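Reading through the structure tokens given below for one structure.
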Amino acid sequence: MSLKERDKKHLWHPLTQHKLHPETIAITKAKGCILYDEDGNEYIDAIASWYTCMYGHCNEYITNRVASQMQQLDQIIFSGFTHEPAIKLSEALIKILPDNQNKIFFSDNGSSAVEIGIKMALQFHFNKDEKRHILIAFEDGFHGDTFGAMSVSGLSVYNGPFEDFFLEVKRIPTPDGKNNEAILNTLNDIVRTNKVAGFVYEPLVQGAAAMKMHDLKGLNAILKFCKDHDIITVADEVMTGFGKTGDYFASLHIDTKPDIMCLSKALTGGLLPMGLTTCSEEIYQAFYSDDIRKGLFHGHTYSANPLACTAALASIELLQSETIQQNIKIITASHNVFDEHIKTHPKVKSTRQTGVIFALDLNVEMKRYGNLRDKLFQFFLDRGVFLRPLGNTIYIQAPYTITKEQLQKIYQVTEDVLEIV
Ligand SMILES: *Cc1c(COP(=O)(O)O)cnc(C)c1O
């Protein structure tokens with residue numbers, strides 16, 4: 001029996017309605033930018049497997065380091081104990097994070113990193129004897145699938161069963177340059193209660209909202225407003241972190257720096273799961289006390305797993321390398337050229353780009369939306385490219401190690417698909 005048949009027996013996949021989408025593709029090998037399936041097909045991984053494998057799959061620089069680390073130390077409790085991989089990772093991260101970030105808290109995934117960021121923001125005020133319970137978030141943000149993370153995400157039909165149990169959140173539109181003033185007015189109304197603890201946001205690019213991009217000035221004005229009102233800013237850089245926007249972090253493009261940052265996805269180059277929540281010294285100091293109850297009593301068993309720390313450190317070294325920095329520039333420039341070429345096509349409604357992230361909205365009528373996504377997805381697969389359209393948006397976020405030829409092929413299928421929509 002094939003793997004995809006055996007899969008059907010016991011496996012329940014994430015974000016899947018199995019009755020509507022019973023089929024899976026069984027991948028047997030992944031190397032560089034190519035995925036190999038059990039039927040002998042090859043696919044260019046044009047979204048780096050959900051934005052994780054940015055240095056290519058099974059990158060030997062990373063796998064070799066982890067292989068040698070596992071001869072030395074595997075898992076060790078991180079409460080009361082420490083180890084070199086975690087320390088080295090913290091030192092490397094602090095060098096590339098925005099200047100104000102000074103402490104690093106470990107977890108295992110992006111949702112948890114956000115959950116911890118939310119808890120830090122709420123407890124920050126609690127520890128100062130100020131009970132603030134409201135959070136601000138963007139209307140169409142995405143921050144993960146645990147309860148706090150779901151609460152600050154945009155309302156969606158998928159979260160219907162849980163809405164009654166959410167934290168209290170006030171949602172604001174994303175800044176597009178035209179609504180900047182209106183957003184500040186809304187914020188002024190929201191803060192009248194004096195109960196706002198924090199603002200959770202994806203800086204500059206919102207992945208799950210089909211690569212929606214922000215007006216930089218508008219976002220900065222919101223962050224500045226938050227600072228002026230003691231609202232803790234929590235930047236969810238789970239998707240944007242580690243080079244995607246052209247700089248190490250999206251927050252580095254913005255004048256007003258976040259108090260707290262959430263990281264995961266490309267952190268370990270896709271080799272092992274890990275999440276991180278970083279914060280400024282000011283946040284940390286609100287927890288540093290003779291009173292034990294003021295500590296952050298949150299912890300995951302696999303916190304700072306030495307193998308994941310090693311993968312993350314090797315990934316950061318790659319990110320800083322001349323080659324990868326050069327590739328980021330080449331991909332960005334190459335997207336620019338493709339953008340110029342494709343944006344006037346009658347089937348293209350609009351295009352947008354930040355760093356290595358490129359997105360294109362199709363000019364299709366809403367009623368044809370239905371199974372359009374499935375049709376596009378299959379069209380790309382049949383031509384050897386793994387792209388994952390969202391609604392009427394096709395977006396590219398390929399590994400930094402993608403070759404010129406592979407990138408051209410991704411552009412070609414994107415252009416070809418316009419003939420069938
Ligand atoms: C993927 C993602 C998350 C959730 O991360 P998981 O590791 O899937 O829990 C949170 N925020 C953003 C911006 C993401 O892209």
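The figures follow:
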| quantity | calculated |
| --- | --- |
| Candidate lysines - alpha carbon under 17 Å from residue 103, same-chain residues fewer than 8 apart omitted | 88, 95, 119, 257, 294 |
| Relative contact order %, the chain, counting alpha carbon pairs below 8 Å whose residues are six or more apart | 22 |
| DSSP-loop GluC sites (Glu not before Pro) across the range 1-76, with at most 16 other Cβ within 10 angstrom | 23, 38 |
| For the range 22-150: rounded, prolate or oblate by the Cα gyration tensor [a/c cutoff 1.5] | oblate |
| Calculated from backbone phi, Karplus (6.51, -1.76, 1.60) coupling profile of the range 109-118 in Hz, x at Gly/Pro | 7, x, 4, 5, 4, 6, 4, 5, x, 5 |
| In Hz, Karplus ³J(HN,Hα) per residue of the range 303-310 (6.51, -1.76, 1.60; θ = phi - 60°; x = Gly, Pro) | 3, 6, 3, x, 6, 5, 4, 5 |
| Restricting the range 338-421 to chymotrypsin sites (Phe, Trp or Tyr not before Pro) in coil, as DSSP defines it, with at most 15 other Cβ within 10 Å | 369 |
| Within the range 92-200, GluC sites (Glu not before Pro) in DSSP loop having at most 12 other beta-carbon neighbours inside 10 Å | 130, 139, 168 |
| Where the chain is the region considered: accessible area per residue in Å², 1.4 Å probe | 48 |
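The values are calculated or read from the model by the stated rules, or taken from the named source; none is laboratory data. Just so you know, these numbers come straight off a predicted model, no measurement behind them. Neighbour counts are summed over all protein chains in view; Cβ atoms, including those assigned to glycine, are modelled from backbone coordinates with ideal geometry. Please note that ligands, DNA and RNA were not included when accessible areas were found on the heavy atoms of the full protein model with its side chains. Shrake-Rupley method; radii C 1.70, N 1.55, O 1.52, S 1.80 Å.
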